Every structure is written in C-alpha cells, then in structure tokens.
Protein chains: 2
Amino acid sequence: MSTRPDPEPSLQDEAARAGWLYYVGGLTQDQIAQDLGVSRQRAQRLVSRAMAEGLIHVRLNHRIGACVDLEKALTARFGLTRCRVAPDLGPGSDGVRAIAPAAAAEFERFLRMSDPLVLALGTGRALRGMVDAVSDGIAAEHHRLVSLIGNIAPDGSASFFDVVMRLADKVRAPHYPMPVPVISSTPEENAAFHALPPIRRVVDLARQADVIFVGIGQMSDDAPLLKDGFVTREELDAMQAAGAVGEVAGWVFRRDGRYLEVGTNRRTGGVRVEPGLDRPAIGIAAGATKVPAIAGALTARIVNGLVTDEPTARAVLALAG
Amino acid sequence: MSTRPDPEPSLQDEAARAGWLYYVGGLTQDQIAQDLGVSRQRAQRLVSRAMAEGLIHVRLNHRIGACVDLEKALTARFGLTRCRVAPDLGPGSDGVRAIAPAAAAEFERFLRMSDPLVLALGTGRALRGMVDAVSDGIAAEHHRLVSLIGNIAPDGSASFFDVVMRLADKVRAPHYPMPVPVISSTPEENAAFHALPPIRRVVDLARQADVIFVGIGQMSDDAPLLKDGFVTREELDAMQAAGAVGEVAGWVFRRDGRYLEVGTNRRTGGVRVEPGLDRPAIGIAAGATKVPAIAGALTARIVNGLVTDEPTARAVLALAG
DNA sequence: CCACTAAGCGATCAATTGCTCAATCGCTGC
DNA sequence: GCAGCGATTGAGCAATTGATCGCTTAGTGG
C-alpha cells in the first residue's frame, strides 16, 4: 500500500517496525504483512520476535491499590526510602519477570540524574532481569558502574557476572568489574588479591558508591551460592547451622540481618554492603524461598529500599509482622 | 487459583491487573479470568479497557534505521538541537497516534531534570496526544507549566485548552494558564488584556521559559484556527493571500517562517515564539497538510527541535531539500 | 562434488480473541 | 409501584493468531 523506499532494513528494524505497527498502531498481522510486503507468517514471526528480543517495552501506568498498600506497609515497618511492589503475575509464574520492569524503572531514575553518580551493582537473576528491561538509548556517560562482587568463578565461567558489562554496554557508561574470586579458597588468597593496588582502586570506588542495587539470595537448600558452585554442600550446612538465612553480594547473614563471622564470609571477595548506609541501597528480590532472607536484609537495613512482587511482599510482612 | 484477599479493588485496579497479566505476564484471557475469578468476557473487557484508558504503555525500544536517517537529515538541514522521527503507522492511520509516545518521551526528559524549569506549552491535538501519553507518577512539583496561548475561545468553550491543566494534574506541577482571548476582536481589546498586571506576570513567565513545546498548525483550507472558529473564512482568505502557510501558538507565518504583519496577528493574545531562541523550542506535528507549515517554522527557526513521523519527515525534506 | 545441518518459508489447523446481540440489572422519574 | 433507560453481562460466532509440519535454501565440512 504505502511504498517504502527502505534500501536495506536490518532484520531488527523490520521486527521493530512490525511490532510498532502491531502494538502501537493496532493493525492486524494481515495488514502489517501487506504494508511491509511480506507473507502473513513472516509478519507474525516479526511481531513475535520484536517482543522476544525486548524491542517492545510494555509498562503498567497505574498504581494498583493493593500494591500501593503493601508498599506503604513495608515502608512503615522497615523505614524504607524507596519501595515498589509489582502485581502478582499468577501462580505458575516467575517472580523475576514481574519485578524486572519495576526494577528497571527504579534504576533509570538514577541513570537520568544529571549529576555524575557511582552506581554499584551485585549479580543474580533478578539484576540480570532488571538490566534486560532497562531501555537502551539512555546515554549515561557521566555515571560510573562498579561491581560489588568478584567476577572469577570457581569453574572460570564468567557468564553470570556480566550484569555490569551488559548494562554498561546499553548505557555507554564506564564500568569497573571486580577482578577477584567471588569466594577465594583461603582468607590469605583473598587478602592477597585485595592488596593489589588496581583492585584497591575498584574497591574504593565501590565503597563510595552513591547508589547500590543488589539481589538478595536465600541460604536454604536451593541457595544460588550452592547451585552455582561457590559454596560446597558442607559449607552450606555449616552456615545454616550458624543461622544463615540470606546473602547479599555473596556475604551471608542471619535471620536478624547480622553478617556471619564464620564460613565463606572470611573468604568472600569484593565489597560488603554495610548495614544502615545513608545512601540508597536497593534490594531486588522476589520469590517464596527468599522471604526470610529479604526480611533479614530489611531488618538490619543492609538494604533501605526494595523492589519485590505482591506475594513476596505479603509474606515478608507476615513473617516480620 | 491464587486466593486474592482484595477487599475492594476499583475498576481501574482490576483493569490494570488484567492488562498486566495479559501484556506482561503473557497469560491468556481464560487464565486471567480464572485468576481474577470473573468470566472470560469480563477479562477480555478489562484487558481492552486497560489499553483504551492508557493504563498500559507500549514503547518501541529500538531506533529503526530509516527513522534515524531521517532524523540526521532533518538535523543537518535545519540545524536542530533535537529531532525524533516516529515510524509510520500505515496509510489509514493518524499521525498524532504515531508521534504521541515519542513526544511524551521527549517531554519527560525535561520533566525529570532536577533543576527547576519553566516549561511553556501551546495547544492542539498533537500536544493533547503528547500529554495523554505522558506517564503519570513523575513528580515534577519543582517545575512550572505555563501556557503560551490564551484560553478564552470565541464561543467560551475551554475544552480544547486544558493541555496545561491536564498535564499539571498528571505531574502535580504548578501551572499558569493565560487568561486572555486566543484572538481578541480588536487590537485595543488585546492590549487592554495584556496591560493587566496579573496577565503581565504570566506573560513574563512564559517569555522566560526554559523549554517550549508547541504544535504547528497549517493555514490551508482545513486550518485548525478556522475549524475551531478563531478566524473567519474571510480572514483566512486574506492571510492566505498574504502568504500564510502555518501558525504556532496562534501566530501566523509565511513560507519562509516570517510572521505576518497583517490579519489576526495584530490581535493574537499570549506570547509569540520568537525565531532563533537559544533555548529548546520543540515542535510537535505530523500530517501531509502540515508539511509547508513545518518547513516554514524550521526554516525561520521558530522551533529548533522537532518530533514528527516518517512520511511527514520525508515530505518536509523533499519540500525544503 | 556431495552429504549434512541449520535456518527460514509457506500451508494447515487448533486455540485465542474480539465483536454482536439479546437478556438482565440497577437506577431514575413519573 | 412501575415504566423507561442506560450500563453491564454472558453466549455464540467470526476473525485473528500462533503452533506444527514438511519443504526449500544456504552454508559447512568431508
């Protein structure tokens, strides 16, 4: 119908255009096919691809009453500076899916600030989801992104630690990974790493971060630290016996949010998030198994802000009354 | 399935939740119906309502190559400070639909700035669309919104002029309407209005605006000024004979962007956007009939930024080559 | 040069969705 | 008290959509 003189649109361009016509324009896939001069099946695949690759962002522009109430309750109970509760996505669904857009929006608030900031980040699935949901094209060259946690895994795989890198790539900000083992095999090895001047500089930068975003891990039998091979079954058992319920940036804490003095905490690299900071320290976490961990981190004010979902928020309040 | 203890969710809450489950969660309407405990038809109506009421925002997160090229070409040709070109929504569609999200994003950039700004706005369908697409919940109490154009219509209807009010309502910013006739019946009446001290204060505020957002109207036979009854057929004919092609905030200009010295310009209230400002003056406009008007406003630098759509961008470049 | 693999394409078909219509509900005014 | 009126509801149905399958094509390695 409309003649398009596109010389050579990339596949992504075509997918984006199809998604735009479908979701914003409200055209049917048949019309899109006709407009783009392709078969209907191809149009359908383009639309689906646009969504899958995150070319189309969908955000909820209404504060659902029940969620606002939970935010208020959490803020009051734990004295939070920021709190967002995303609506439930239904029983079968993944908490990370639900909180990723809200977490991204929260993060973008800081990205858009005009004063230069140092933004410190942990790792984990929740943060990964957040980064994927951040809009690209927000230029943030004036901010610095620094990792709180080491990027050397026991098996050498670094795939899980590119949160800062992926983000830096998206927003074109300088970034500072933490080139130390997540957990060294001995306290001495850890100390040796941290004695090196280049690493000291990264650590100092992370310590002076203006804003902190971290996931919160549980220390139950399905602990991420165990699944990813950072702690052994025996170490986990020992720390559980010592009261471990959760972990932030690899540092394990008890039910009341106090850090353990034993176990892998003596060998954990990177920067520990100190309780009671006056700067924003936002926890991003959702899921039934994380409830005690989240409650602990909030109680001790390891984090003073929270992004979570509806069932988790309810459970945390029920647990911590 | 999941038990929801919602005491009394409002209709909007329910719609928002349904939309969230559908668009973000990817559930089918049957599942949503089951989850919310309503019939499938009701779920479908809630989802549709969520979209219609703008509770769900969809944004394209990819710069389509062809649009980027047009932005570059317009920027180079007219020396613009900002330029956004939204993809075509297809032949039958309305240009305003296409540019509203992009315009809103542009506007939100300024809203989010931490320094207090004076933001001046015109009127028109394009600005109205932009305002509707602005996310609510961006607190902007520190900015001031001021209208460039009078809010007294010949027939007394003010429905068209609530752009600033609607916006102020959304972002909770103080706002300053311009309580003068859009176009007075005599130059003397206009002068009398502008001599009043309270009006002088609003005018002064608008003159010192840090950022300006305006629509661009055409002066062809379907001119908005004529349709809305601000000028008579005879006045339009006379101004067309004098070379009128477009209008910004009610002030009529010629093909080269110079303001007319005749016609209603001698009686137009409010603040004229002066050519060549050093502050951002963003035009929001799309549509085949507006092409000469847009080209004129760009040529004379009445606006130094533009948000438009793909076919309009092509046409403007073709005309002003 | 040929076999093999992976990716993309179009057709068919079942599931999902959105629209129309008649019935019901709740409210207003007589 | 009841007729009238608008809004809301559920049922049925047609259009739209997404998945599967076999086929073709392009690229790879022997």
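Nothing in this text is a laboratory measurement; each read-out follows from the coordinates by a stated rule. It should be emphasised that the depicted structure is a prediction, and the values quoted were computed from it without experimental measurement. Cβ sites come from the backbone with ideal geometry, for glycine too, and all protein chains shown count toward neighbours.
Karplus-based coupling profile of segment B:25-38, in residue order and whole Hz: x, x, 6, 7, 5, 4, 4, 4, 4, 5, 5, 8, x, 10, with θ = phi - 60° in 6.51 cos²θ - 1.76 cosθ + 1.60 and x standing for Gly or Pro.
Note on chain A: with charges restricted to the Cβ of Lys and Arg (+1) and Asp and Glu (-1), its dipole about the Cα centre is near 520 debye.
What's the magnitude of the charge dipole for segment B:11-52 around its Cα centre, counting Lys and Arg as +1 and Asp and Glu as -1 at the beta-carbon? Answer in Debye, nearest 20. Charge dipole of segment B:11-52: 140 debye, to the nearest 20. Fraction of C-alpha pairs exceeding 12 angstrom in segment B:11-52: 45 percent, rounded to a whole number.
Sequentially through segment B:287-296, phi angles give Karplus couplings (6.51, -1.76, 1.60; θ = phi - 60°) of x, 4, 6, 8, 4, x, 4, 4, 4, x Hz, Gly and Pro residues having no value and appearing as x. Against chain A, whose longest principal axis is taken from its Cα atoms, helix A:197-207 shows a tilt of about 80°. Using the Cβ-Cβ distance between B:SER39 and A:PHE110 with R0 set to 45 Å, the FRET efficiency works out to roughly 0.55. When you restrict to C-alpha pairs under 8 Å that are six or more residues apart and normalise by the size of chain A, the relative contact order lands at 18 percent.
Of all DSSP beta bridges in segment B:65-320, what percent run antiparallel (nearest 5)?
25 percent
Entry note, chain B: the mean residue ellipticity at 222 nm calculated from DSSP H runs of n ≥ 4, each adding -39500 (n - 2.57), is -12000 deg cm²/dmol after division by the residues and rounding to the nearest 500. Among the residues of A:46-57, the average count of other protein chain beta-carbon atoms within 10 Å of the residue beta-carbon is 2. Of B:ALA16, B:SER48, B:GLY37, which is farthest on the positive side of the dipole of segment B:11-52, counting Cα position, with +1 on Lys and Arg Cβ, -1 on Asp and Glu Cβ, and the Cα centre as origin? Checked the options; the winner is B:SER48. By the rule of a C-alpha distance below 28 Å, with chain neighbours fewer than 8 residues away ignored, the lysines paired with B:LYS72 are A:LYS170, B:LYS290. Among DSSP beta bridges whose residues both lie in the protein assembly as shown, state the antiparallel percentage, nearest 5. Counting only bridges with both partners in the protein assembly as shown, antiparallel ones make up about 30 percent.
Segment B:77-114 and segment A:283-321 have Cα centres separated by 39 Å.
Backbone phi angles across segment B:258-268, fed through the Karplus curve with coefficients 6.51, -1.76 and 1.60 (θ = phi - 60°), yield HN-Hα couplings of 7, 6, 5, 9, 10, x, 5, 4, 7, 10, 6 Hz in residue order; Gly and Pro are listed as x. Hand me the GluC sites (Glu not before Pro) from segment B:173-261 located in a DSSP loop with no more than 12 other Cβ atoms within 10 Å, in residue order please. Answer in residue order: B:GLU261.
For B:VAL211, the amide hydrogen comes within under 5 Å of the amide hydrogens of B:VAL118, B:ALA120, counting only partners 5 or more places away or on other chains and with H modelled in the peptide plane. Expressed to the nearest 5 percent, the antiparallel share of DSSP beta bridges inside segment B:219-321 is 60 percent. Residue by residue along A:84-91, Cβ atoms of other protein chains within 10 Å of the local Cβ number 5 on average. Ranked from shortest, the separations from the 7 Å Cα-to-Cβ label point of B:THR186 to its equivalents in the other copies are 10.0 nm.
B:PRO116 label point (Cα plus 7 Å toward Cβ) to equivalent points in the other copies: 2.8 nm, shortest first. Rg and Dmax, both from the Cα atoms of the protein assembly as shown and both in Å, are 27.9, 91. The stretch between B:LEU196 and B:ARG233 holds 10.2 nm of extra length on full extension. This uses 0.36 nm per residue minus the Cα-Cα distance.
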